[in-house]
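Working notes, structure below.
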């Protein structure tokens, strides 16, 4: 069963500055909760472009696992998409969009995902969704800390949810 996450925030930075931050693969470690022990294991320096593959190691509840993603679309400074090619999900497609607005840059994250072991994995959906919301909340605060304050009145999650990608 497909699921979709959708988050949005605004930063008081130019689209070029904001995209450059996300184009530096090492910054992903800085915006991931430390208890996940997230680290990039691919050889560095990494140059992100369409087709770039990145290997990670992380832990969830003390269980280590690997994850590999591929940049499937790369359109600086407006968009990039990373897709899981090996990892814990049956499907993981994370679309990052950047839009220049008067206040700076609007960042939108859309994640289309499927849990493993369908249909047996579906009972874990509420727990997985809470965990992903927690990770993206941490990510939002880390981005604000590193790049500047977002609009304090801006909601964290956008409703209604977007339809899942096909």
Can you tell me which residue in region 141-150 is modelled with the highest pLDDT, limited to those that are in a loop (DSSP other than H, G, I, E, B) and surrounded by 13 or more Cβ atoms within 10 Å (Cβ to Cβ)? 148
Does at least one position in region 49-64 carry a residue that is part of a helix (DSSP H, G or I), crowded, with 16+ Cβ neighbours inside 10 Å and modelled with pLDDT of 90 or more? no
Give the residue that is farthest from residue 9 (Cα to Cα), with candidates limited to residues of region 101-127 that are in a loop (DSSP other than H, G, I, E, B) and at pLDDT 90 or above. 102
Criterion violated by residue 30 - all others in (1) modelled with pLDDT of 90 or more; (2) in contact with a strand residue (DSSP E or B) (Cβ under 9 Å, 6 or more places away or on another chain) satisfied: (2)
Within region 14-32, restricting to residues that are buried (at least 17 other Cβ atoms within 10 Å of the Cβ) and assigned to a loop (DSSP other than H, G, I, E, B), the one that is farthest from the chain's Cα centre (by Cα) is 25
Could you say which residue among 67, 74 is out of contact with any helix residue (DSSP H, G or I) (no Cβ under 6 Å at 6 or more places or on another chain) and surrounded by 17 or more Cβ atoms within 10 Å (Cβ to Cβ)? 67
Unique match (being part of a loop (DSSP other than H, G, I, E, B) and touching a residue at least 40 places away in the same chain (Cβ under 8 Å)) among 88, 77, 45: 77
Any residue at all in region 128-140 that is modelled with pLDDT under 90, more than 12 Å from residue 8 (Cα to Cα), crowded, with 16+ Cβ neighbours inside 10 Å and within 18 Å of the chain's Cα centre (by Cα)? yes
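The values are calculated or read from the model by the stated rules, or taken from the named source; none is laboratory data. Not measured: the values here are computed from a predicted model. Cβ atoms come from the backbone with ideal geometry, glycine included; neighbour counts cover every protein chain shown.
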